[in-house]
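Remarks on the structure that follows.
The values are calculated or read from the model by the stated rules, or taken from the named source; none is laboratory data. Keep in mind that what you see is a predicted model, and the values were worked out from it rather than measured. Every residue, glycine among them, receives a Cβ derived from its backbone with ideal geometry; neighbour counts consider all protein chains shown. Protein only, heavy atoms only, side chains kept; ligands, DNA and RNA dropped before computing areas. Shrake-Rupley method; radii C 1.70, N 1.55, O 1.52, S 1.80 Å.
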Amino acid sequence: CDEELTVIGDTEVGNTCGVSFGPDGELYGVDTSSDVLVVFDTTTGVATEIGDLGFDLDNCALTYDCATDTLIGMHVDTDDNTGILFSINVSTGDSTEEVELDSSVNWTSAGLQYDPPSGLYFASTGEGVFEVDITDGVADEVIDLSTNNLTYIVDTCE
């Protein structure tokens, strides 16, 4: 409760959306000003460009799927509220579209997390949290954020 944030340095990139640790402790991110995958130096904060993702990003998220050893991205087009999941080659930055997200969901923002114990993907839209099937893009709502507030459990400090 007495901890303070420590700034480790400027990333030296434009806008960053989506960050995720990989298996070797590498911290990856996406620079949406140039649509490239970057890796951050966690001691200085500086981002090093890995490579172009191959498409224009608007709103995105990242997660690392340790079961398949794959960095997965989520892209949301806020103009038409659609989204896709894509895999990313962490050596080159090249991306491959895996699946279009369920068109019945209003994809207004992006949040993505892989849950290793269950092997499931969870995406948030700002309006809800959805379990997403990465093989077909079907999204089943598990939390309706418009009617339910999430309760956060906070350990008390002594």
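Summary of values
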quantity: Hits in the range 98-117 - residues which are of a type in the set (D, E, K, R) and in contact (Cβ under 8 Å) with a residue 12 or more places away in the chain; calculated: Glu98, Glu100, Asp102
quantity: Among residues of the range 60-76, those that are open to solvent by 50 Å² or more (accessible area, probe 1.4 Å) and touching a residue at least 24 places away in the same chain (Cβ under 8 Å), counted; calculated: 3
quantity: Residues being among the polar types (S, T, N, Q), touching a Ser or Thr at 6+ places or on another chain (Cβ under 8 Å) and in contact (Cβ under 8 Å) with a residue 40 or more places away in the chain - total across the range 81-97; calculated: 1
quantity: Selection count where residues are open to solvent by 30 Å² or more (accessible area, probe 1.4 Å) and under 22 Å from Thr147 (Cα atoms), scope the range 86-112; calculated: 6
quantity: Residue count for the range 1-29, restricted to those that are touching a residue at least 40 places away in the same chain (Cβ under 8 Å) and in a loop (DSSP other than H, G, I, E, B); calculated: 5
quantity: Count - residues of the range 32-45 that are at pLDDT below 90 and touching a Ser or Thr at 6+ places or on another chain (Cβ under 7 Å); calculated: 1
quantity: Residues of the range 30-59 classified as open to solvent by 30 Å² or more (accessible area, probe 1.4 Å), assigned to a loop (DSSP other than H, G, I, E, B) and of a type in the set (A, V, I, L, M, F, W, C), total; calculated: 2
quantity: Residue count, the range 3-18 (criterion: within 14 Å of Leu57 (Cα to Cα) and open to solvent by less than 70 Å² (accessible area, probe 1.4 Å)); calculated: 4
quantity: So Leu120, is it free of Cβ contacts under 8 Å to residues at least 24 places away in the same chain, under 16 Å from the mean Cα position of the chain (by Cα) and over 23 Å from Val13 (Cβ atoms); calculated: yes
quantity: Unmet requirement for Phe21, which otherwise passes all of (1) over 17 Å from Ala110 (Cβ atoms); (2) surrounded by fewer than 19 Cβ atoms within 10 Å (Cβ to Cβ); (3) at pLDDT below 90; calculated: (3)
quantity: Filter result (in a strand (DSSP E or B), of a type in the set (Val, Ile, Thr) and farther than 15 Å from Gly18 by Cβ) within the range 60-99; calculated: Thr82, Thr96, Val99
